[in-house]
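Structure record follows, encoded as structure tokens.
The values are calculated or read from the model by the stated rules, or taken from the named source; none is laboratory data. Predicted model only: the values in this text are computed from it and were never measured. FYI the Cβ positions are ideal-geometry reconstructions off the backbone, even for glycines, and counts take in every protein chain you see.
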């Protein structure tokens, strides 16, 4: 694979990468989105309000990156959800379900010890490219 086989996606509508990674990479007909936490792109701050508010912001961020890649939630194939507390699963799941049309993408949900910046939820995904 050459660098020409990989196209980076970036949008100011989602938080900028805080390390050596891209918001997304398009390659071989797929869009690979880096995990998003609930950072408000306008303020750079983690949104307050617990896992419900965080999940909404995470999905807003992912939607902005999908849009910048020319894709959408309807084209998502696989997601991975990271939660600091699986007790938040039902809350996250209800908000998540509002964004993904049937058939829903494949998904894994795992509990983790910690996430960057004290976030309670992070989601990464793979979608079909346009």
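Quick check: is even one residue across segment 84-95 out of contact with any helix residue (DSSP H, G or I) (no Cβ under 7 Å at 6 or more places or on another chain) and either within 14 Å of residue 125 (Cα to Cα) or surrounded by 19 or more Cβ atoms within 10 Å (Cβ to Cβ) (or both)? No, segment 84-95 contains no residue that is out of contact with any helix residue (DSSP H, G or I) (no Cβ under 7 Å at 6 or more places or on another chain) and either within 14 Å of residue 125 (Cα to Cα) or surrounded by 19 or more Cβ atoms within 10 Å (Cβ to Cβ) (or both). Residues in segment 110-130 that are in a strand (DSSP E or B) and either within 19 Å of residue 47 (Cβ to Cβ) or within 13 Å of the chain's Cα centre (by Cα) (or both): 121, 122, 123, 124, 125, 126, 127. From the list 30, 66, 46, the lone residue that is modelled with pLDDT of 95 or more, in contact with a helix residue (DSSP H, G or I) (Cβ under 9 Å, 6 or more places away or on another chain) and within 16 Å of residue 124 (Cα to Cα) is 66.
How many residues are closer than 17 Å to residue 49 by Cβ and assigned to a loop (DSSP other than H, G, I, E, B) when one looks only at segment 80-106? Result for segment 80-106: 3. Scanning segment 33-82 for residues that are loosely packed, with under 15 Cβ neighbours inside 10 Å, in contact (Cβ under 8 Å) with a residue 60 or more places away in the chain and under 21 Å from residue 110 (Cα atoms) turns up just one, 50. Restricting to segment 113-130, name every residue that is out of contact with any helix residue (DSSP H, G or I) (no Cβ under 6 Å at 6 or more places or on another chain) and surrounded by 11 or more Cβ atoms within 10 Å (Cβ to Cβ). Result: 115, 116, 117, 119, 122, 124, 125, 126, 129, 130. Filtering segment 4-15 for residues that are at pLDDT 95 or above, outside any loop (DSSP other than H, G, I, E, B) and under 11 Å from the mean Cα position of the chain (by Cα) leaves an empty set. Within segment 19-32, restricting attention to residues that are exposed (fewer than 15 other Cβ atoms within 10 Å of the Cβ) and free of Cβ contacts under 8 Å to residues at least 60 places away in the same chain, the residue that is farthest from residue 114 (Cα to Cα) is 28.
Filter segment 39-79 down to the residues that are over 10 Å from the mean Cα position of the chain (by Cα) and assigned to a helix (DSSP H, G or I) and list them by number. Let's see the steps before the verdict.
Kept after step one, since they are over 10 Å from the mean Cα position of the chain (by Cα), are these residues of segment 39-79: 39-54, 56, 67-78.
Residues satisfying the conditions are 50, 51, 52, 53, 54, 56, 67, 68, 73, 74, 75.
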